[in-house]
Ligand SMILES: C[S@@+](CC[C@H](N)C(=O)[O-])C[C@H]1O[C@@H](n2cnc3c(N)ncnc32)[C@H](O)[C@@H]1O
């Protein structure tokens with residue numbers, strides 16, 4: 001069996017800060033280590049931090065195919081993991097690079113953090129990632145984190161390749177599936193793939209993007225992945241939304257629906 005973390009389980013009582021419940025209530029986002037959290041659609045650093053702490057070792061490689069503002073790579077730096085981040089939008093990739101670079105406390109660490117500007121659905125993105133691995137004498141990655149757009153809930157750009165512009169849920173799932181197919185072969189056996197995703201409403205109907213993405217991931221893996229956990233995480237509103245809470249409460253009562261307060265972290269393991 002491959003050792004997939006640096007935990008010494010003889011001292012298991014010391015790991016109280018590692019969460020083992022499927023319900024993740026995170027009261028507020030971690031703000032230290034250069035995390036700013038102003039990118040619309042970012043995730044809280046605690047997500048990559050928990051995943052890396054349990055499912056990677058120092059010196060392992062973490063790949064994030066929807067890098068956004070760089071949260072995953074900042075956590076890589078913090079935890080001594082190597083990181084490859086892929087982001088479609090050049091300006092957002094530059095922002096991520098700047099933020100990763102600003103975290104100067106850890107300048108002398110012997111890890112690599114690489115940001116690629118590419119379309120993660122395309123073979124070229126994988127080839128670039130392979131080139132980076134080769135440069136560092138590595139052949140595989142030990143954790144994949146995918147935090148795609150939740151279809152069209154937030155429009156990240158006008159680009160056709162942007163998953164938030166997929167014409168339909170089916171198109172979104174196909175493109176997401178292409179990303180899974182693209183990078184899964186880079187994942188070492190027994191290592192993990194995590195998908196962070198929320199559901200959406202369209203025309204007063206709940207669209208279970210989380211479950212659809214879970215099915216698509218398993219379908220694309222063709223038997224190579226097993227589902228390890230479905231984690232449910234609370235969603236905390238920003239100030240603008242908090243001010244509208246009464247209005248939403250009223251709308252929900254009138255419309256007979258429930259307001260989204262959770263998203264999923266789907267955890268898979270390669271067989
Ligand atoms: C939900 S955000 C990720 C946020 C990130 N976890 C963070 O903390 O900043 C999704 C990102 O995927 C990017 N994206 C959309 N389509 C893409 C594609 N085809 N290839 C690569 N990135 C893509 C968007 O530009 C956006 O920055």
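The values are calculated or read from the model by the stated rules, or taken from the named source; none is laboratory data. This one's a predicted model, so the numbers in the text were calculated from it and none came from an experiment. Neighbour counts run over all protein chains shown; Cβ positions are idealised from the backbone, glycine included.
Quick rundown of the values:
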read-out	value
Counted residues, the stretch 67-100 - those being part of a loop (DSSP other than H, G, I, E, B) and out of contact with any strand residue (DSSP E or B) (no Cβ under 6 Å at 6 or more places or on another chain)	6
Test set (1) within 25 Å of residue 262 (Cα to Cα); (2) away from the ligand (no atom under 13 Å from the Cβ); (3) touching a helix residue (DSSP H, G or I) at 6+ places or on another chain (Cβ under 7 Å) - residue 79 fails condition number	(1)
Test: residue in the stretch 182-199 that is over 16 Å from the mean Cα position of the chain (by Cα), surrounded by fewer than 17 Cβ atoms within 10 Å (Cβ to Cβ) and more than 30 Å from residue 53 (Cα to Cα)	no
Some residue of the stretch 114-121 being part of a helix (DSSP H, G or I) and over 22 Å from residue 6 (Cβ atoms)	no
Number of positions in the stretch 149-199 that are in a helix (DSSP H, G or I), more than 13 Å from the ligand (Cβ to nearest atom) and closer than 15 Å to residue 62 by Cα	1
Residue that is farthest from residue 154 (Cα to Cα), among those in the stretch 213-236 that are touching a strand residue (DSSP E or B) at 6+ places or on another chain (Cβ under 9 Å) and assigned to a helix (DSSP H, G or I)	221
Among the residues listed as 74, 92, the single one being within 14 Å of the ligand (Cβ to nearest atom) and touching a helix residue (DSSP H, G or I) at 6+ places or on another chain (Cβ under 7 Å)	74
Members of the stretch 23-48 that are touching a strand residue (DSSP E or B) at 6+ places or on another chain (Cβ under 9 Å) and surrounded by 11 or more Cβ atoms within 10 Å (Cβ to Cβ)	24, 25, 26, 43, 44, 46, 47, 48
Options 51, 116: the member that is closer than 26 Å to residue 9 by Cα, at pLDDT 95 or above and in contact with a strand residue (DSSP E or B) (Cβ under 7 Å, 6 or more places away or on another chain)	51
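Per-residue answers, yes or no, for (1) without any contact (Cβ under 8 Å) to a residue 12 or more places away in the chain; (2) surrounded by 14 or more Cβ atoms within 10 Å (Cβ to Cβ); (3) closer than 17 Å to residue 46 by Cα:
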residue: 226; (1), (2), (3): no, no, no
residue: 234; (1), (2), (3): no, no, yes
residue: 242; (1), (2), (3): yes, no, no
residue: 250; (1), (2), (3): yes, no, no
residue: 255; (1), (2), (3): no, no, no
residue: 258; (1), (2), (3): yes, no, no
residue: 263; (1), (2), (3): no, yes, yes
